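The values are calculated or read from the model by the stated rules, or taken from the named source; none is laboratory data. Everything numeric in this text was worked out from a predicted model, so none of it was measured. Glycine gets a Cβ as well: all are built from the backbone with ideal geometry, and neighbour counts include every protein chain shown.
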Amino acid sequence: MKYTIAFDVYGTLINTSGVFNSLEKMIGEKAKPVMNTWRNKQLEYSFRRGLMNKYVDFSVCTKDALEFSCKTFKVSLTDSQKIALMNEYKVLPAFPDVKEGLQKIKEDGHKLYAFSNGSANAVSNLLINAEIINLFDGVVSVEDVQVFKPSPLVYKHFNDKTNSTKIDSWLISSNPFDVIGATAYGMNTAWVQRSQESIFDPWGIEPTTIINGITELSIKLKELTTKKQVNKMETNKEHGKLDDLLKVKREESAKNFSEEKRQIYADGIADVKNSGILDKALNVGQKSPNFNLNNATNKPVSLYEELKNGPVILTWYRGGWCPYCNITLHSLQERLPDFQKAGATLIALTPELPDKSLSTSEKHNLEFTVLSDVGNKVGKEYGVVYQLTTEVASIYESGFGMNDYNGDESNELPLAATYVIDQNGTIKYAFLDADYRNRAEPDEIIAALNKLK
């Protein structure tokens, strides 16, 4: 799904702390408290003027807030110094993550708009100075409706101006008041928590999602879109087969990817197939090697110990960044009661680092064991690990930073393999496919389990 995305500017894309160095030269150790008060009063004045129906240009709020801050801390600035600071506010820098993050979102096909309390002219000049103006489809300012955020009028104005709806639009902001306002209005929202010390107002109005920087937004939108598609199909009672869900994703990707990207992925799948991995991987009738890995709570898990309690379903997923994996994990969780009824234990392995696998497990509310196979050590014993082509690895690294997920630069991933292993350690069912978009059907896994009885 393609969204119309409203990016708050001051404090979200543009770093309002950019005036600190100049302030410090002027007033020394008082620079930080003056700067913080200046920003807080700037927002307060916009709130108060909005309630009073006394709209002025946002720059007036900024100027008045500077005067208040100087008086509060008994700081004497000359008129020329004040003008210099106000001029500096017109050329504040973007946060380091902004340009890369916006580029990823733009490449995903979404429409991007700068959405601000500031005037369209002031915001445009900021974006030009930060060299990111070309990434936006337009600038939407509250000056057209003569009221400030978080009035619901400004969010409605954004939808009207961009010909979008509440359902297909997002507000991205580091300012909790802005996020709460847009959420209350009905938009999807992402709070950019740039500091772990930042606290979201406990009003009971929560953002759709939380990110630490703009570079996280692209993959977050993909994850949430996939989850919505899965939930929609489940609501419509169309979730009988996992492949029905995967098919939706395959068709969506086919539409959204460029011809070049589709060809790179197709060549990557062909490379896996031609590598001979499907012949080398362990298969039905062979003995499964034991392994010992720690789970999310750092408790050791042994395959052979688990087999003492019954058969084990052993499945691999590539990472929480993979939409096909997320769909599959959701489906496996849904069928977990059926697996347990058949007396089986479900264990999922991933090359992700433990903190990443824990995040994936928590995100999907997984009730089965997820283990980090760092370096694909267990995967290699089962023969299910392959090397990505240079082109695919490049897309993954630039797209979401796969090396950070796995903690290495090997560019190795496991097949989306699934085994059913009996209590003797013998593989009784094996799903092996060179195409990562295909997965073992839960019904087939249950059928294999039933044959063990």
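Of the numbered conditions (1) under 30 Å from D97 (Cβ atoms); (2) surrounded by fewer than 16 Cβ atoms within 10 Å (Cβ to Cβ); (3) at pLDDT 95 or above, F257 fails exactly one; give the number of that condition.
Going through (1) under 30 Å from D97 (Cβ atoms); (2) surrounded by fewer than 16 Cβ atoms within 10 Å (Cβ to Cβ); (3) at pLDDT 95 or above one by one, F257 breaks only (3).
Evaluate the following for D160: is it crowded, with 17+ Cβ neighbours inside 10 Å and either assigned to a helix (DSSP H, G or I) or modelled with pLDDT under 90 (or both)?
So D160 fails the test.
Identify all residues within the stretch 394-432 that are without any contact (Cβ under 8 Å) to a residue 60 or more places away in the chain and charged (D, E, K, R); write none if there are none.
Hits for the stretch 394-432 are E397, D404, D408, E409.
T165 versus (1) more than 19 Å from the chain's Cα centre (by Cα); (2) among the β-branched types (V, I, T); (3) modelled with pLDDT under 90: which is the lone unmet condition?
T165 satisfies all of (1) more than 19 Å from the chain's Cα centre (by Cα); (2) among the β-branched types (V, I, T); (3) modelled with pLDDT under 90 except (3).
Restricting attention to the stretch 181-218, which residues are of a type in the set (V, I, T) and in contact with a Lys or Arg (Cβ under 8 Å, 6 or more places away or on another chain)?
T209, I211, T215
Suppose we filter the stretch 5-22 for residues that are in a helix (DSSP H, G or I) and modelled with pLDDT of 90 or more; how many remain?
Summing the residues that are in a helix (DSSP H, G or I) and modelled with pLDDT of 90 or more in the stretch 5-22 gives 0.
State all residues of the stretch 266-286 that are in a helix (DSSP H, G or I) and more than 34 Å from the chain's Cα centre (by Cα); if no residue qualifies, say none.
Within the stretch 266-286, D279, K280 meet the criteria.
Looking at the structure I just gave you, is D108 out of contact with any Cys (no Cβ under 9 Å at 6 or more places or on another chain), touching a residue at least 60 places away in the same chain (Cβ under 8 Å), of a type in the set (D, E, K, R) and under 21 Å from R39 (Cβ atoms)?
no
Within the stretch 266-297, how many residues turn out to be of a type in the set (S, T, N, Q) and free of Cβ contacts under 8 Å to residues at least 24 places away in the same chain?
Residues flagged as of a type in the set (S, T, N, Q) and free of Cβ contacts under 8 Å to residues at least 24 places away in the same chain within the stretch 266-297 amount to 3.
If A114 passes every condition in (1) farther than 20 Å from S398 by Cα; (2) part of a helix (DSSP H, G or I) but one, which one does it miss?
(2)
Just to confirm my filter: which helices (runs of 4 or more DSSP H) fall fully inside the stretch 297-346 and include at least 2 residues that are buried (at least 21 other Cβ atoms within 10 Å of the Cβ) and modelled with pLDDT under 95?
Filter on the stretch 297-346 gives 323-334.
Name the residues in the stretch 396-432 that are at pLDDT below 95 and charged (D, E, K, R), would you?
E397, D404, D408, E409
Given the conditions (1) basic (K, R); (2) surrounded by 15 or more Cβ atoms within 10 Å (Cβ to Cβ); (3) at pLDDT 95 or above, and given that K287 satisfies all but one, which numbered condition is not satisfied?
The failed condition is (2).
Can you give me the ranges of the helices (runs of 4 or more DSSP H) entirely in the stretch 359-409 with at least 3 residues that are aliphatic (A, V, I, L, M)?
Counting at least 3 such residues, we get 390-400.
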